[in-house]
Every structure is written in C-alpha cells, then in structure tokens.
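A.B. asks: I'd like to ask you about the structure that follows.
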Amino acid sequence: MAPHDIRRPFKRAAISDQQKRRELSLLRQAQNRRDAQQQARCLASSILSLQSAAPESQPEQSDIESETVPEAEQESEAFSKDLDVRQASKLRGPEVRKWFARQLMLPEWMIDVPDRLAQDWYVFARPAGKRCFVVSSNGTTVSRQRNGSILHHFPSALPAGAKIRDGSGSAQSYCILDCIFHELDQTYYVIDMVCWNGYSLYDCTAEFRFYWLNSKLEESGACNAPSYYHKFRFSAVPVYNCDQSGLHAAYTGVVPYAKDGLLFYNKHALYQTGNTPLALVWKDENCSQYVIDTDSKGEIPSQQQGVLELQDDRKLVTSDDPPVLFGCLDGDIIEK
C-alpha cells in the first residue's frame, strides 16, 4: 500500500450559494404550483381598474433609477406584502405602485456559471429601456413600469387591446406581457409572456412561454407598424440556446435596439414574482452602456464609487437586490 502522505483526497467541487438557491427554487416550483389562472385574471382586471385612480403624484423614474424600489417605500410594505391580486384591486395611491412594483420577475447578477448552462439555459440581449408589464383587456391596453407607475395607456393589436368595430373580445380575454419599452424606435420588446388571450402561463416553463411568445405575437398583428387601433409596435427579441454559438450571437450579434447586457433564463423555470436565481443578468463594457457610472454630463469619472452595507453579522454586502457578499469585518475594526 502506498504511503499515506502521497494519497490525494478527491472532493466534489464546492457548490456556490447561487447554485444552491437555483436548485431549491426549481424544487419549490415543482412541489408548489399555485392557481395561476385566477391570479393572472385578477392581475389583469386590477391593473385596468386602477388606471383611473387618484393622480399619481410621484414623477416617473428613469430606467436606471427604477431598477429598485426606493427604500422609503419599504416602510409600509409590512402590511401589504401578503395581499393577493384580488385585494390589490382595492388599493389606492402610493400603495398601488408599491404592489405592482413587486409583480415582475427580476434577475440576479450572474456571479458564477450555472450547471448545465448549454443544456438548460436560454440567453438573449436585453434591450435598453423601461421594464414594464403590458396588459390588454376590455378594449384597452395599459403599461406599468417597474416602480408601479403608468407608462402608457393606448390601443393595441393584442387580444382585447383595442375597441374595434367587431367588439373588444370576451370578458375572459386578456393578455399580460413582460416588456421593455425602447424609446428610440417607440417599440415594446417582449421578453416574456405571462398570459395570452385569457390563458395563464404562470405555471408554464420558460421553454413553453418563449415558444408561445414567438408563435402567438406574430399571429396577432401586434408586430405590425403603428396604426389608429395600434399605437405602438411590439417585437420579440431573438432568444438562443446557451451553447457556444448562441452565446456568441447574443453577445456580438446585431440587433435593432441598444443592448443593456445579457439575460439568462432557465428553461425549466416558471414565472415567479421578485428576484430569482433562475434568471440572471450579465453586463460588461461590450454589451451594455450602463456597466459603469457616469456623471451628469455623461462622462466617466476618474474613480468609480460603490455603496456597501454593514450587516448585523459583520458582513459587508453591496446595495444590489439581492445583495452580493463583499467581505467580513472583524470585531476590532467595528469597535474602532
């Protein structure tokens, strides 16, 4: 037998925290599928019933500023965070914006390479612009930004999205699309489909949702040029498998919009509200103009600044949502 000092221990590679959360998130989705049909129906009626509520006093935020809900608004979230879509229809004023600000599925920063990236993930170039929900129902279409404020109220070629001669469709007909509004060409780029023509896709995998998105959106005429009954054009973004050719196409390929990083979606992930490790975002200087901070004149300062938060357990984390662990301080430094 060889001496023990030349034996080499064989260990499995360490699993990152983000990978563990990805596995737990997929497990929870498989074990607990909610009643998505009722939720989507109530969400559509809630958004449209609130369009004539009290005037919204807060100014609309820019795309970069609205990436997170302001901290001041988090004070009153305790009593409203458990409200479902039926109760949310009774909210008014600032509470409306707070509730709708939590309905989008938000990606985490990519801090490691997921397992089975080439087999289980999609990738596409994220359009630069304002993230929003677009809801069509009862002959009208409304878009709400990520901070909950109304962006546009307009007619569209989406099912039940405009009042036309032959009617606006049945009461059960409505659509909910996850979009980014690109101001340069006045186009809504659809990055996900939550509900289509009354059929909920909340409990469907991303693989199925993207298939429906590409087939149904073109059939509806929503991709046509603007007209009297269709104020804004809609367009799907090109989605690729996360293999070498797909990554190259998403990263370097030419698209009709300004890029703001790459989005990665797990093929088996359901649509869930809030941050999820099953959707990831990557940005660098080659695929996003917002990878570094600029001053009020649009120029890059000589030094970049970051904000760190000291938690009760002495860990330093970034101000991202969710936060990224940066380091840990010992007790002597904290006392000083």
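A.B. asks: From (1) more than 22 Å from R22 (Cα to Cα); (2) open to solvent by 10 Å² or more (accessible area, probe 1.4 Å), pick out the condition that doesn't hold for S136.
C.D. replies: Result: S136 passes all but (2).
A.B. asks: OK, next. Select from segment 220-235 the residues that are open to solvent by less than 30 Å² (accessible area, probe 1.4 Å) and not hydroxyl-bearing (S, T, Y) and list them in ascending order.
C.D. replies: Matches in segment 220-235: G221, A222, H230, F232, F234.
A.B. asks: Another question, then. Residues that are acidic (D, E), open to solvent by less than 10 Å² (accessible area, probe 1.4 Å), under 24 Å from S245 (Cβ atoms) and not in a loop (DSSP other than H, G, I, E, B): does segment 179-195 have at least one?
C.D. replies: yes
The values are calculated or read from the model by the stated rules, or taken from the named source; none is laboratory data. The model shown is predicted, which means the values in this text are computed figures rather than measured ones. Ideal geometry is used to build each Cβ from the backbone, glycine not excepted, and the neighbour counts take in all protein chains shown. What goes into the accessible areas is simple: the full protein's heavy atoms, side chains included, and nothing from ligands, DNA or RNA. Shrake-Rupley method; radii C 1.70, N 1.55, O 1.52, S 1.80 Å.
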